[in-house]
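A quick write-up on the structure given underneath.
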Amino acid sequence: MKPHLTRRGLLGLGVGAGGAVLLGACGDDGPNPVVGGGGENAQPAATNYTGPNVALTFWNGFTGGDGPVMKSLVDKFNTANPNIKVTMNVYEWADYYQKVPAAVSTGNGPDLGIMHVDQVATNAARGVVLPLDDLAKSLQLTESDFSPPVWQAGVYNGKRYSIPLDVHPLGMFYNKKVLQAAGLDPEKPPATKDEYLTALDKLKAKGVQGHWATPFPFTGTLQFEALTWQFGGQLFDDKATKPLFAEQPGVQALTFLTDMVKNGYSPKNVAQDADLIALQNGKNAFNWNGIWTINTLRAVKGMEWGVTALPTIGTQPAAWAGSHQFVQFKQRTQDANKLQAGKVFINFISQQSLEWAKGGQVPARKEIRDSPAFAALKEQAAIGTQIDNLHFPPSVPGIPDALATVDTAVNEAILLRKEPGKALADAAAKAGQILEQNRKKYGG
Amino acid sequence: MVDVLETAATSTSAPATRAPRRGAGLTPYLFLLPYVVLFVTFTLVPAGYGLWISLHDWDYLLAGKPFVGLDNYQALFDSASPVFDFFWQSMQATAIFTVFSVPLLVTVPLAIALLLNRSFKGRTFFRAVYFAPYVLGVAVIGVLWRFLLDPNLGAVNALLGAVGLPDDTAWTTGLPWAWISLVGVTVWWTLGFNAVIYLAGLQDIPRELYDAAKVDGAGRWAEFRSVTLPGLRPVLLFIVINTILASSNMFGQAYLITQGAPGVETRTAIMYIAEEGLRSYRMGSAAAMSYLLTLALLLVSMITFRLFRTKD
């Protein structure tokens with residue numbers, strides 16, 4: 001197994017180095033003149049494309065139930081635009097983020113792709129994705145069409161590099177039968193700290209551990225981040241010059257989770273996915289999980305479940321969310337027609353994002369989120385109510401490296417190997433060094 | 001074909017004997033050429049290139065790749081650097097895993113090979129059974145055991161509980177249990193490979209030696225010590241070296257079963273190097289770590305060779 005991986009890694013390095021020389025030759029200094037407008041093919045708006053036939057490649061990591069939904073949207077687009085042919089390729093996200101930069105650097109990159117919001121700045125700094133300011137301008141998209149944090153998350157160094165497609169926040173999933181058996185109202189899940197702790201006590205009295213606290217990033221770290229914001233804290237300062245997650249709000253947040261274990265609301269040593277499996281088996285009552293869990297639970301026969309916004313444990317409502325965003329990749333030679341066609345595609349899918357929401361997402365576009373048709377998607381709409389309380393990490397290259405230290409702290413604390421304060425302080429010391437390293441590497 | 005060659009060889013005299021010798025001078029190299037080309041392209045050049053990378057602050061997509069000399073190596077020995085703790089922690093994880101898995105992977109397959117070498121009914125079936133797990137990919141066995149070993153919901157703890165043993169062992173999240181799980185799973189998964197090599201080695205030991213031992217009145221144990229073990233020595237050397245290297249490169253099991261938890265205790269060197277190089281794009285630093293790991297493995301391999309040689 002291993003030699004294979006190493007070889008792939010080495011090949012990646014080799015290929016990349018070859019490409020890097022070429023990239024250097026292209027000159028990596030800001031937006032391509034054609035992109036900036038004023039090129040001979042520049043058009044006033046990216047809503048239609050009238051040039052010669054073009055073929056576009058579109059890569060993403062929609063390997064789950066979301067894949068077929070996106071595929072059908074692509075088919076719809078191809079039918080509506082006979083002069084543009086979009087081909088979609090799907091990779092595991094982890095592979096995707098390694099493959100795409102290597103492909104771009106060798107000139108074999110796709111035209112269009114999807115990126116998670118916390119990856120955009122890194123890929124912008126590494127010259128993988130192109131600025132999209134003109135697209136936003138020509139479509140007259142503004143912050144008010146989305147929601148401020150989602151819209152701002154795609155901006156790096158004063159330029160926009162991505163257009164939001166969706167947000168996927170955490171929600172609180174609950175097993176109605178388990179709540180009922182403990183004498184709780186399954187139609188009125190707890191919304192405050194007091195209500196939540198009361199419910200957990202009632203469940204405990206019935207022998208149910210109601211909040212399985214997972215020590216793993218999915219979704220232990222995500223719960224920690226949500227709680228940190230709820231307690232009024234931040235993970236980093238706005239420019240990500242230093243970590244703030246080890247300050248009082250962060251410690252309160254992590255202590256809340258470790259108390260779940262210490263007070264017997266959660267078993268010790270919860271393994272990956274055990275919290276969600278236990279929810280399905282009726283051994284767990286509440287699970288703070290991503291909106292994608294809607295699809296998982298729908299597939300469970302005979303389970304009665306509901307989902308709502310996270311309860312407010314701290315001083316204000318807040319939730320973790322990810323966001324899929326559209327990007328255009330840098331090519332060795334820019335083709336104005338392809339760029340234009342790609343923008344038409346992004347606009348089309350963005351407008352169709354109600355269909356996308358049905359696959360288990362909250363549309364990023366406000367008009368669609370506010371439509372009665374979205375309200376009819378009960379579960380998605382329930383999670384979507386948190387749209388104004390979502391936070392994203394600062395748009396700084398290399399931020400995932402610093403965030404990885406939080407995973408370790410959450411793991412150590414919830415497994416009761418370190419006190420929350422100590423675990424976070426240790427992680428923050430590391431994160432500070434990593435941020436500094438990245439500042440040196442990416443500049444700024 | 002053979003006939004033609006033989007006639008050619010027997011019917012020719014002095015001048016022709018020189019021709020084959022000149023051919024023999026070049027032929028072996030021609031045969032080696034395809035391998036050498038692959039070796040140079042995919043091992044030697046990347047290895048040299050890696051050394052070059054390790055002297056730079058290297059991200060293949062960034063225009064500036066400043067030369068930093070030995071800084072990447074120095075950082076690995078500087079306790080104030082961001083990589084110091086993580087790197088040595090991961091080296092320690094790799095060492096723990098290797099120290100505990102190698103003896104088991106050398107001895108258990110030998111015992112199984114000895115059993116499977118005897119003639120009994122259903123022998124072929126059992127040979128297949130012991131080899132079967134090795135056919136599975138690491139992703140399959142990783143996910144499989146992650147669920148079986150789940151501390152709260154897994155089958156292993158449920159079975160232990162059913163027979164009255166503790167049913168709350170943290171197989172994947174606690175220490176030393178995580179190591180026991182990783183070593184156990186790896187032994188179960190790969191012992192078939194070593195067993196097959198042993199089996200081949202056992203069948204190479206001449207029967208007469210066993211007959212002679214019997215004549216000398218050797219018992220089972222004496223026979224094993226004086227005939228089987230010496231007969232297996234070349235195979236043993238191969239298995240020991242190969243197992244040490246494979247164990248030091250452990251990645252998939254820890255990545256899937258424990259995710260490096262608790263904390264980063266079971267994050268192996270290869271896991272950390274991959275994170276540093278491929279996720280954080282600090283390839284210079286990752287290359288330096290790889291070279292240090294390589295150096296360590298080279299040292300261990302040399303010591304092993306030396307140990308086997310002094311036995312001669």
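The values are calculated or read from the model by the stated rules, or taken from the named source; none is laboratory data. A quick note: this is a predicted structure, and the numbers were derived from the prediction, not measured. Here the Cβ is made from the backbone with ideal geometry for all residues, glycine too, and neighbour counts use every protein chain on show. The area values use the complete protein model at the heavy-atom level, side chains included, leaving out ligands, DNA and RNA. Shrake-Rupley method; radii C 1.70, N 1.55, O 1.52, S 1.80 Å.
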Study note, to complete from the structure: Using alpha-carbon positions, the gyration tensor of the protein assembly as shown gives root eigenvalues a ≥ b ≥ c; with a/c under 1.5 called rounded, otherwise prolate if a/b exceeds b/c, else oblate, the class is oblate
Practice item. Any chance you could check the Cα centroid distance between the stretch B:32-61 and the stretch B:151-195 for me, in angstrom? Key: 40
Point to revise | Within chain B, longest stretch free of exposed chymotrypsin sites (Phe, Trp or Tyr not before Pro) [DSSP loop, at most 15 other beta carbons within 10 Å] | key: B:121-312
Practice item. Note down the accessible area of A:Ser266, probe 1.4 Å, to the nearest 10 Å². Key: 0
Practice item. Would you mind telling me which residue in B:Leu232, B:Leu44, B:Leu104 has the biggest mean-square fluctuation in a Gaussian network model of chain B, where springs connect alpha carbons within a distance under 10 angstrom? Key: B:Leu44
Revision key, fill the gap. Expressed as a whole number, the average count of other chain Cβ atoms within 10 Å around the Cβ atoms of B:53-63 is 6
Point to revise | Within-15-Å neighbourhood charge of A:Asn53 [Cβ basis; K, R +1; D, E -1] | key: 0
Practice item. Multiply the residue separation of B:Arg118 and B:Leu175 by 0.36 nm, subtract the distance between their alpha-carbon atoms, and state the gained length in nm to one decimal. Key: 16.6 nm
Revision key, fill the gap. Rounded to one decimal in nm, the spacing of the 7 Å Cα→Cβ label points at A:Ser72 and A:Ala375 is 2.5
Exercise for review: For the stretch A:221-261 and the stretch B:247-312, write down the distance between their C-alpha centroids in whole Å.
Suggested key: 33
Review point. With each pseudo-label sitting 7 Å past Cα toward Cβ, what's the B:Leu159-A:Asp388 distance in nm, one decimal?
Key: 5.6
Point to revise | Spin-label proximity, A:Gln140 to the stretch A:45-78 - amide N less than 17 Å from point 7 Å beyond Cα toward beta carbon | key: A:45-48
Exercise for review: Per residue of B:255-262, count partner chain C-beta atoms within 10 Å of its C-beta, then hand back the mean as an integer.
Suggested key: 5
Revision key, fill the gap. Sorted by chain and number, the residues with a modelled amide H under 5 Å from that of A:Arg160, at a separation of 5 or more or across chains, are A:Leu132, A:Asp133
Practice item. Multiply the residue gap between B:Ala63 and B:Leu104 by 0.36 nm, knock off their C-alpha separation, and tell me the result in nm, one decimal place. Key: 9.9 nm
Practice item. Could you let me know the centre-to-centre spacing of the stretch A:312-332 and the stretch A:344-381, using Cα atoms, in angstrom? Key: 16
Exercise for review: Go through the stretch A:296-340 and name the trypsin sites (Lys or Arg not before Pro) that are in a DSSP coil and have 15 or fewer other Cβ atoms within 10 Å of their Cβ.
Suggested key: A:Lys301, A:Arg332
Exercise for review: Determine, from the Cβ-Cβ distance of A:Asp335 and A:Thr315 and an R0 of 41 Å, the FRET efficiency 1/(1 + (r/R0)^6), rounded to the nearest 0.05.
Suggested key: 0.20
Check your understanding: In peptide A:406-417, how many Cβ atoms from other protein chains are near each Cβ within 10 Å, on average?
Key -> 4
Practice item. Grab the beta carbon distance between A:Lys85 and B:Ile303, set R0 = 51 Å, and tell me the FRET efficiency rounded to 0.05. Key: 0.25
Exercise for review: Return the subset of A:Lys343/A:Lys440; A:Lys262/A:Lys441; A:Lys76/A:Lys188; A:Lys366/A:Lys418; A:Lys99/A:Lys301; A:Lys99/A:Lys440 for which the Cα-Cα distance in this structure is over 31 Å, preserving the input order.
Suggested key: A:Lys343/A:Lys440; A:Lys262/A:Lys441; A:Lys76/A:Lys188; A:Lys366/A:Lys418; A:Lys99/A:Lys301
